[in-house]
Amino acid sequence: MTSSDPAAPVVLHQVSVAIGGRPILRDVDLAVHSGEVVTLLGPNGSGKSTLVRAVTGLLPHSRGTVRLFGTPIEDFRDWPRLGFVPQRSSAAGGVPATVREVVASGRVGRRRLLRPSRAADRRAVQSALEVVGLADRAAFGVSQLSGGQQQRVLIARALAGEPDLLVLDEPTAGVDLPNQQALADALGRLKGRGATILLVAHEIGPMMPLIDRTVVMRDGRVAYDGPPLTQEVASHTHHPHDHTHEGPGGHDHAPHVASPLDFERRAR
């Protein structure tokens with residue numbers, strides 16, 4: 001689906017991406033409008049994660065145009081407007097830190113270099129912790145939390161930057177049902193505030209009531225763009241013998257892509 005709104009948070013027109021000369025995304029048209037919750041479905045290798053990396057500027061596109069809030073991505077500089085929660089990332093990162101410290105790092109892009117935190121920063125961090133239901137764990141070491149709770153910390157870190165667009169790459173992967181519900185509750189609160197969310201998912205689960213639109217990827221192309229679908233229904237839009245085209249192991253990940261914290265560097 002393309003957009004007639006020139007300032008839509010995300011507009012892709014005929015976008016192609018290749019890694020190592022291998023085509024991964026092929027002539028993708030996609031628009032995400034303000035206030036929408038759009039989910040990307042599809043099997044491993046279909047192009048979902050590559051698409052969000054193209055949207056977030058972590059992978060260059062070889063053809064077409066990517067626009068963020070009406071600006072070509074090549075010229076886009078207002079990276080704090082975009083929050084990104086990567087796939088299967090640890091909130092601890094091997095460095096001892098409290099939950100509050102990790103979430104506060106999401107404010108870096110909003111502060112001038114070497115400036116101390118302000119009351120607005122502290123309020124944003126507290127609000128993000130409350131949204132994800134971890135305000136009572138703020139002083140805990142991140143390594144003390146479960147995998148699902150750590151995923152919620154990463155979402156809170158992205159929210160602390162007060163983004164206009166939140167992109168999440170399989171936030172429920174490997175997360176138990178109670179934490180899936182907690183994630184859904186957090187996103188539900190954001191949706192209630194009018195947030196724009198692009199969500200890559202393998203399993204929809206408790207998030208189904210939040211979704212406004214489903215986009216199904218197949219072989220690097222958009223196979224479906226319309227009313228919400230469950231993963232089970234979406235799987236029937238795929239040919240059972242589709243092969244992956246996105247690297248060893250059938251995952252559409254690019255090796256050695258930049259850290260999402262690069263957004264903070266870009267924003268300075």
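Computed from the coordinates by the stated procedures, all read-outs in this text should not be read as laboratory data. Fair warning: this is a prediction, and the values are worked out from it, not measured in the lab. We place every Cβ from the backbone using ideal geometry, glycine too, and count neighbours over all the protein chains shown.
Once amide H atoms are placed 1.01 Å from N in the peptide plane, what residues at a sequence separation of 5 or more from Arg213, or on another chain, have their amide H within under 5 Å of its amide H?
Val37, Thr39
Please arrange Arg53, Arg122, Arg67 by how many other C-beta atoms lie within 10 Å of their C-beta, fewest to most.
The fewest-first ordering by Cβ neighbours comes to Arg122, Arg67, Arg53.
Under a Cβ-only charge scheme (Lys and Arg +1, Asp and Glu -1), can you give me the dipole magnitude of the range 150-201 about the Cα centre, in debye to the nearest 20?
180 debye
Could you work out how much longer the chain between Ala119 and Glu74 gets when fully extended? Use 0.36 nm per residue separation minus the Cα distance between them, nm to one decimal.
Extending this stretch completely gives an extra 12.9 nm.
Return the whole-Å distance between the Cα centroid of the range 1-75 and the Cα centroid of the range 117-138.
31 Å
May I ask for the net charge around Ala97, where only other residues with Cβ less than 13 Å from the Cβ of Ala97 are counted and Lys, Arg are +1 while Asp, Glu are -1?
+2
Multiply the residue separation of Gln14 and Phe140 by 0.36 nm, subtract the distance between their alpha-carbon atoms, and state the gained length in nm to one decimal.
Net length gain for the segment: 40.8 nm.
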